[in-house]
Amino acid sequence: MKAIIDAAHEVQTWMENRSWRFCFIGGLAVIRWGEPRFTRDADATLFTGFGDEDEYIEALLATYPARYPDAKEFALRHRVVLMKTTSGQDMDISLGGFPFEDHSIHRSSKFEFAPGILLRTCSAEDLIVMKAFADRAQDWVDIEGILIREGEILKWNIVDEELPPLCDLKENPGIVPRLQTLRSKLRIK
């Protein structure tokens, strides 16, 4: 795990030196807010907006090796740069452009993962939104861990504001009731 934290710190420093707006999501954020679990890579959202992705992709791939051929074309098509850090750790950099991604980066904060290593991660509320939107089995396990650990201190107004429009885009209105059912089951108000 230390190798992933060190690699994330390296990339964070590189992005901060460029004044790029980003935050770590996925497994690193789960370690901060939920039930810690093994993660094989680091995931981040980098706010590029729409139309300027090229410059971000080119800068990342000029510094960090791509994990696959045609990485730039893949990144433009799927809005994610699949790369390796200089130490060889896998990292996925999602290219954010939607208001929710902008808001989640704005709400992010730093957390000390190891002595002297602070990483910027999304908030617990934004992690719940991301995990619910992804709607995979492991995501719901992660959400339950966040609810158990953070419980009553969560700012549900953020989740209630951000999640429904994303579910509408995905045309999956069942996600919100599923989250409400889980909250009720765990007796979290």
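Numbers at a glance
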| item | result |
| --- | --- |
| Simple Cβ-charge dipole of region 116-189, Lys/Arg +1 and Asp/Glu -1, about Cα centre, in debye nearest 20 | 280 debye |
| Gained length - Ala137 relative to Lys2, 0.36 nm times residue gap less alpha-carbon distance | 46.0 nm |
| Karplus-derived 3J(HN,Hα), 6.51/-1.76/1.60, for each residue of region 133-145, Hz, glycine and proline x | 4, 5, 6, 9, 4, 4, 4, 6, 5, 4, 4, 4, x |
| Unit charges on C-beta of K, R, D, E only; dipole of region 62-189, Debye | 240 debye |
| Globularity index of the chain, i.e. its alpha-carbon radius of gyration over 2.2 N^0.38 Å | 1.02 |
| Label-point separation in nm, Asn157 to Thr13, each point 7 Å along Cα→Cβ | 3.9 nm |
| Difference of contour (0.36 nm per residue) and Cα-Cα distance, Glu35 to Ile148 | 39.8 nm |
| In order through region 150-161: 3J(HN,Hα) via Karplus (6.51 cos²θ - 1.76 cosθ + 1.60), integer Hz, x for Gly, Pro | 9, x, 5, 7, 5, 8, 5, 4, 5, 4, 5, 7 |
| Most mobile of Met15, Met83, Met130 in a GNM of the chain (Cα contacts under 10 Å) | Met15 |
| Theoretical FRET efficiency, 1/(1+(r/R0)^6), r = Cβ-Cβ of Lys170 and His106, R0 22 Å, to 0.05 | 0.45 |
| Given charges at Cβ of Lys, Arg, Asp, Glu: the chain dipole, positive-most of Leu60, Pro36, Thr13 | Pro36 |
| Cβ-defined net charge surrounding Gly145, 12 Å radius [Lys, Arg +1; Asp, Glu -1] | -1 |
| Calculated [θ] (222 nm, deg cm²/dmol) that DSSP helices of n ≥ 4 give over the chain, each run adding -39,500 (n - 2.57) | -16500 deg cm²/dmol |
| Accessible surface of Ile153 - all protein chains present, 1.4 Å probe, nearest 10 Å² | 120 Å² |
| Cross-link pairs Lys110/Lys189; Lys72/Lys170; Lys84/Lys131; Lys84/Lys155 - those with Cα-Cα distance over 31 Å | Lys84/Lys155 |
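The values are calculated or read from the model by the stated rules, or taken from the named source; none is laboratory data. Just so we're clear, the structure is a prediction, and the values are computed from it rather than from any experiment. Positions of Cβ are generated from backbone atoms using ideal geometry, with glycine treated the same way; all protein chains shown enter the neighbour counts. What goes into the accessible areas is simple: the full protein's heavy atoms, side chains included, and nothing from ligands, DNA or RNA. Shrake-Rupley method; radii C 1.70, N 1.55, O 1.52, S 1.80 Å.
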